[in-house]
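Data block below; observations after.
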Amino acid sequence: MSYKSFYRHIVENNGLYWIKKDNENFGSYRRIEDALYERDRLMAVDWDWDKYMELPDTPNNYIHINLPPFQHHASYITVDCEHWVVRDKGRSQKYRGRFNSFEEAKKVATIYSANISHRRKAFRVQRRIDGKTRYFGRYPTREKAEERVRELEANGWRKK
């Protein structure tokens with residue numbers, strides 16, 4: 001099972017894990033285990049809140065298993081008139097580009113999920129890993145920063 005299907009309907013924002021479906025919030029939790037447990041209960045009753053309230057309490061089995069890493073994505077991809085569009089997640093939803101293939105859009109979305117930020121006349125590469133922001137250097141051009149992101153992805157986000 002891939003992490004995407006495992007963490008389906010779970011979004012992380014400011015240290016809280018939210019259960020979301022069709023732009024509707026079903027609760028926020030401090031621990032990913034609790035969010036997964038409640039998400040499964042909601043899915044079992046087909047997201048019907050009244051049926052959910054009638055469910056009996058059962059033990060949370062996610063506490064006792066080793067979970068795959070939660071992937072934080074800062075960009076999302078949509079289809080617009082036969083093209084793939086990349087925008088930032090969150091309030092700003094900054095437009096990142098329009099592409100003819102999903103592969104091109106995925107490359108850009110991956111690069112922006114790594115947070116290439118422009119600060120002090122340089123492009124800084126950073127990413128949240130295990131709840132902490134890790135910095136991977138500053139580069140004079142966006143192209144060099146993107147090249148570093150591709151190197152890090154190939155290396156599993158470990159510094160050399």
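Only the coordinates and a few stated rules stand behind these numbers; no lab work does. These numbers were taken from a predicted model, which means no experiment stands behind them. Please note: Cβ atoms are built from the backbone with ideal geometry, for glycine as well, and neighbour counts cover all protein chains shown.
In summary, the convex hull built on the alpha carbon positions of the range 3-64 has an orientation-averaged projected area of 4.5 nm². The stretch between residue 23 and residue 134 holds 36.9 nm of extra length on full extension. This uses 0.36 nm per residue minus the Cα-Cα distance. Within the range 124-146, whose backbone N sits under 17 Å from a point 7 Å along Cα→Cβ of residue 157? Counting only backbone N, you get 124-137, 146. Once both labels are positioned 7 Å from their Cα atoms along Cα-to-Cβ, the gap between residue 49 and residue 101 label points is 4.5 nm. With R₀ set to 30 Å, the beta-carbon distance separating residue 150 from residue 32 gives a calculated FRET efficiency near 0.60.
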